[in-house]
Every structure is written in structure tokens, then in C-alpha cells.
1. Out of the GluC sites (Glu not before Pro) in region 193-291, which ones are loop residues according to DSSP with at most 15 other C-beta atoms within 10 Å?
2. First select every other residue whose beta carbon is under 9 angstrom from the beta carbon of Tyr410; then total the charges, Lys and Arg +1, Asp and Glu -1.
3. Sort the following peptides by mean Cβ neighbour count (other Cβ atoms within 10 Å, averaged over residues), highest first: 336-346, 55-65.
4. Please list, in chain and number order, the residues 5+ apart from Ser473 or on another chain whose amide H is under 5 Å from its amide H, with Hs placed from the backbone.
5. Please label the shape of region 253-362 as rounded, prolate or oblate, based on the square roots a ≥ b ≥ c of the eigenvalues of the alpha-carbon gyration tensor (a/c under 1.5 means rounded; beyond that, a/b larger than b/c means prolate, else oblate).
6. So, in Å, what gap is there between the alpha-carbon centers of region 585-616 and region 266-333?
7. So between Ser557 and Lys328, what do we pick up on full extension, going 0.36 nm a residue minus the alpha carbon distance?
8. I want the local charge near Lys520. Using Cβ-Cβ distances under 11 Å, sum +1 for each Lys or Arg and -1 for each Asp or Glu among the other residues.
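What follows draws every value from the coordinates through simple rules; no lab data is involved. From a predicted model like this one, the values you see are computed outputs, not experimental measurements. When we count neighbours, we look across all protein chains shown, and the Cβ atoms used for this are built from the backbone with ideal geometry, even at glycine.
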Amino acid sequence: MATPAASAAEELSKLTIDAKWVSSAPNLKKNLHLLSPQQVSLAKMLLETDQTHLFQHWPEPGTDDGEKRAFFDQISRLNDSYPGGLITYIKTARELLADSKAGKNPFDGFTPSVPSGEVLKFGDDNFVQYELNGIKEAKDAAFVLVAGGLGERLGYNGIKVALPRETTTGTCFLQHYIDSILALQDASCSLVEGGCQRKIPLAIMTSDDTHERTLELLEKNYYFGMTASQVKLLKQEKVACLDDNDARLALDPKNKYSIQTKPHGHGDVHSLLYSSGLLNEWRDAGLKWVLFFQDTNGLLFQAIPASLGVSAAKQYDVNSLAVPRKAKEAIGGITKLTHSDGRTMVINVEYNQLDPLLRATGYPDGDVNSETGYSPFPGNINQLILAVGPYLEELKKTGGSIKEFVNPKYKDSTKTSFKSSTRLECMMQDYPKTLPPTARVGFTVMDIWLAYAPVKNNPEDAAKVPKGNPYHSATSGEMAIYRASSLILRKAGVKIDDPITEVFNGQEVEVWPRITWKPKWGVSFTDITSKIKGNNSISQKSTLVINGSKVVLEDLSLNGTLVINSNDVAEVKVGGVVENKGWTLEKVDYKDTSAPEEIRIRGFKINRIEQLEKTN
Ligand code: UTP
């Protein structure tokens, strides 16, 4: 067997015989003997893909030797973490950069039409039926939270899942998600004769930017009640940045022995689920569904059971959760695309592509509202439900790689150079692009107030959002929780006062009574209505917190703050007149650095003046 040194020499001699390499990278050549055989092969690959610029500044051996080796450690990681390695990455990048320069329309040859799907209204009979079926299915589901994003638009210093979903209780997004999954687990298992032992798995995709802090948050809080083995963290790797249309890898401006890297997008989740073996494990355990969701949508779980019910009833391989969308609204539309060669796919088409695509294919008015007052193309909220079997079969073919795109910011109209380095990206919702036409791909439309209120924008940007468009800020995200709880209770028969309008951090929002409950109190609308009895009323200035599962509101008249804490065994009836000074919202300016960041970004804090707290 050849010794490492011998094989390095072999690799070296193979490399040096080729005069082209010798002349193209003289500084590398001088340093080759510092490298291991694997590193020499990687060097060869870089030269073959015209990356000689990476070595131009390399000094003589003896200077920065450790850094030179570390450079190749990074190259090795970048090579291993990308399906097909860096050669494939660079080749794809060149193709996509050429298409982008040529202004090629990715939808050339496709005609859009409205795909089939289900439109649900909260509380209607079919919503209720789907919800009950969805709860039955939930024990056979796995959840996947994509939480590797930088959150640059929000600009919060911590990880987004650690932010309070609402500040009345201070429960963070991650805790709320876990509470919701555990509530579904209990509700679903209780429908099985004799109960069931299923622990619904949760996978969380993290990145270098979020991994450590996500793990710390989980560990510090004992996984918020899940067993540690129920939660799996999958870390996505970043990808190499590109300096120009030839896909020359970009060196980090702060370290010339390092390639600059950036996130590859949430589309990585598919290859990670596949390569980690997790998807196989889930299939072998008899699971039927995988539900994908994002880091800061505090409403989503209210839409999960009914959507899962739709997936099961319609046997959807892919079900995209959607909301009604006004024509031309800045949110992607779920669209069926049919190619002149017969290919079809049901995917998200970005709003700025949908309108021109319609105009170019025989709809002179483009994207317009139908008689419902909304565009016939529903708005994608990027929460997906996939059927495990077909999903795994597809990933066996593709390895989970998702069609990528590149979005270079060009310096000028010649499109020859970039303002800053770019990289390839991929999106989770592009998964259906490779599916065969036989795949069952549909959508479920839910009321927006019930299902979607992400926290993505910082206060300054949110305040600039044109009137009538959603702020998607910490302020609007929290207010959306109170509005949804109020509207749900209204539908269940509780008399709830109308909201008032207030401005926080320059954003005008509706302020409803601050009503919030633990997910286990109300897994479904049926569950909630069974806990509302007699005549209940809640005034606008009120706060109601329900921490318990068997709490029944009966003839309650609330004008102030009521906090109910109870264990999960005892049935607690709450009624009568509750009147106190309650909790008020005090404005906080986002520039006021004396306030904690999670408070500043919403523009108010809660003043706990007086409350009635009942614990049993
Ligand atoms: P966003 O669109 O909110 O992007 O991602 P972001 O990167 O978090 O925030 P900006 O664009 O920098 O402001 C939608 C979801 O996808 C996850 C995010 O964590 C969020 O849940 N995501 C995004 C990843 O998991 N990985 C990525 O590479 C990008």
C-alpha cells in the first residue's frame, strides 16, 4: 500500500507533468508539498474549474502554511456538503449566471392556470370536519421547522425562534410550536382506542448562524416538554460565494485564505432530511406526513389540523398552505404551469413573475381579482404538507437537490460585474418542480387572520410599508395573535368588543383584547366550542390568559385581566363578573435602547397594573 507521502508525491507528479497547471498556478505549485493527497486532488479540481485566482497571493512555503492547509479544509467541507461537489456547484452557477445575464425567463413556454385546491372558511362545517380528520392523522405526522435564516430584515440580535410570540405571557415561538405539537399528539392519541404511545417527531433545520443558540434554548428549557430524542437538529452548510459570471469563487474580504460563504436557502431542508436518514426512519416508523413550517408564524398551528385533514381526504402528495391574495399583492401565487411540450407543475410563482406571465400567455389584463374580490391564484405562505411515501421515492431519485436560482445584483446594464458577491440559492417550495405530472399537488386556502402573521421586518422598514399591506413586524405579529383569539372566541359565541386602532413604532394596528391560551386548551374549533358555555363577554381593554386544558368559560363577564392556571386533570369552570384595572399597553420607542430589544421592536410593553389570577 502506498504511504500518504508516496501517494501525495504521485498526485503531485501527475499534476506537474501537465504544463498547463504548472503555468496557471505557480504559487500553488511551490506549496503543493504542504498538502495531503486529498488536498492535492481538491487543488486539481479547483484548477480544472478555472479558480487559479485563489492562489495568486500565496506566498512561498514557510509563510502562512497553516492557513494554506485550513483553506483546503474549508474547500473539502464545501465540496462534501454540496450534492455533486464543488465541480457541480460551479458548473450550475455558470449556467444560471449565463441565463440571468441573457435575461432568460424561467417560465418560457409555460402557460399558467389555476390549480385545484380547497378553500376553507374558519368554523364552517367542512372546516370543522377536515379539522377533526386532521387531528386523527396528526399522530402519523412529523414536523420540520426551518430555522437557519439570518433574519437580516428583522435585524434582531438573537435567534428568531427565541422571540416572544406575544408578550402577555412571554411564550417564545419555539415553546409555542412545541406546545402545539404536544397538544396535537395528545389529542390525536386520545382518538385511538386504548390510546397510543406515539411521540410526534420535530426536526429543526439550523445553520451556523442559529445552531448553537437553538440547541442552548432547547436544553435550557428541557426541550419545552418534549423528550430530547423527539427533537433532531439538522445543520445546513453555507455555500461558496461567486465573484463574476465565470463563477469564480469569492475570497473572504477579511481572510484571503477563506472562501466567502452565504446561506443556500431553506430548500436545503430536503437534502438534509434525506441524507441524514431521518426521512427513512420516519417512513419505517409508519409516519405518513411531513409538515414544514417557518420560524415566526405564531398563527400557523391554528391552520394545521384542517390542512392536514385536506391532505388526507384528497390524498395530496403536496399540499401548500395558502391565503386569499389580492391581484398583484406582493406574495407568490400558487400556479399550475403547463409547458407546450406537455410538462406540468404546480408551484409558487413570485408575484412579479405571475402578472407578466399571464399577460404573455393570452390574459391581457394579467393578474386580476375574480368575482370573489381576490386573485384566483392563492397566496403561498410557504408551509407545506408532504406525504412521506411519495416524498421519499422522489428524494431517492433527486437526493433532495432542489432547482436553484441566482440573483446577482449587477453593477450596470452590461451585466458583466456584480455590486457584491452572489451565490446559488434554493427554496423549499420549489420541491414540486421535479415531480411527475401524475403527482397530486394541491393547496388549502385559509383565512389570513387565522393562519399567517410572520415577523420578518424591522420597525423602520415596517413603518414604510404602503397602507393596507401587511407589516409583517413584531408589532403586527403580536396583534395578530390577539385578533385571531378574539375572532375564534367570537365565532364560538363569546361577545367580544370591537378593537381600537393604535400606532406603535409608526404602524397603525388593531388592538383587540389580549386573549391567549395554551395550545392544549383549544386544539380544534370543536374543542374550543365545547369549553364555551352560557353568555360570556370580554371588553376591549381586557386580558385573558388560559393556562390549562380543561378550563370552561361559563357566563363570564370580563373587564380587566384574568389569568387562569390549572393542571390538566381538573375541570375548572370560570364565570361571574371580573372587573379590575387590568394590564395596559405602554408605548416604547424602538430607538429607546434602555428597553430590551424584544420589547423595542414591537413598540409597546405591558404594564401589569391589576389582575385576578386563579390557580388550582
Ligand atoms: P425568510 O424569508 O424569513 O429569510 O426565511 P431569513 O433568511 O430568515 O430572513 P432575511 O431574508 O435574512 O430577512 C423563511 C424561513 O426559512 C428559514 C428561515 O429561518 C425562516 O424560517 N431559512 C431561510 C432557513 O432555514 N435557511 C435559509 O438559508 C434561509
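1. Of the GluC sites (Glu not before Pro), the ones in loops of region 193-291 whose Cβ has at most 15 other Cβ atoms within 10 Å are Glu193.
2. On the way: positive: Lys101, Lys409, Lys411, Lys415, Lys419; negative: Asp412.
Every neighbour counted, the sum reads +4.
3. Numbers: 336-346: 15.2, 55-65: 13.5.
Result, highest mean first: 336-346, 55-65.
4. Counting only residues 5 or more places away or on other chains, the set is Lys456, Asn457.
5. Working: a/c = 1.62, a/b = 1.06, b/c = 1.52.
Here region 253-362 falls in the oblate category.
6. Centre-to-centre (Cα) distance: 34 Å.
7. On the way: separation 229, 0.36 × 229 = 82.44 nm, distance 4.36 nm.
Working it through step by step, the gained length comes to 78.1 nm.
8. Working: positive: Lys518, Lys550; negative: Asp179, Asp186, Asp527, Asp568.
Once all neighbours under 11 Å are counted, the net charge is -2.
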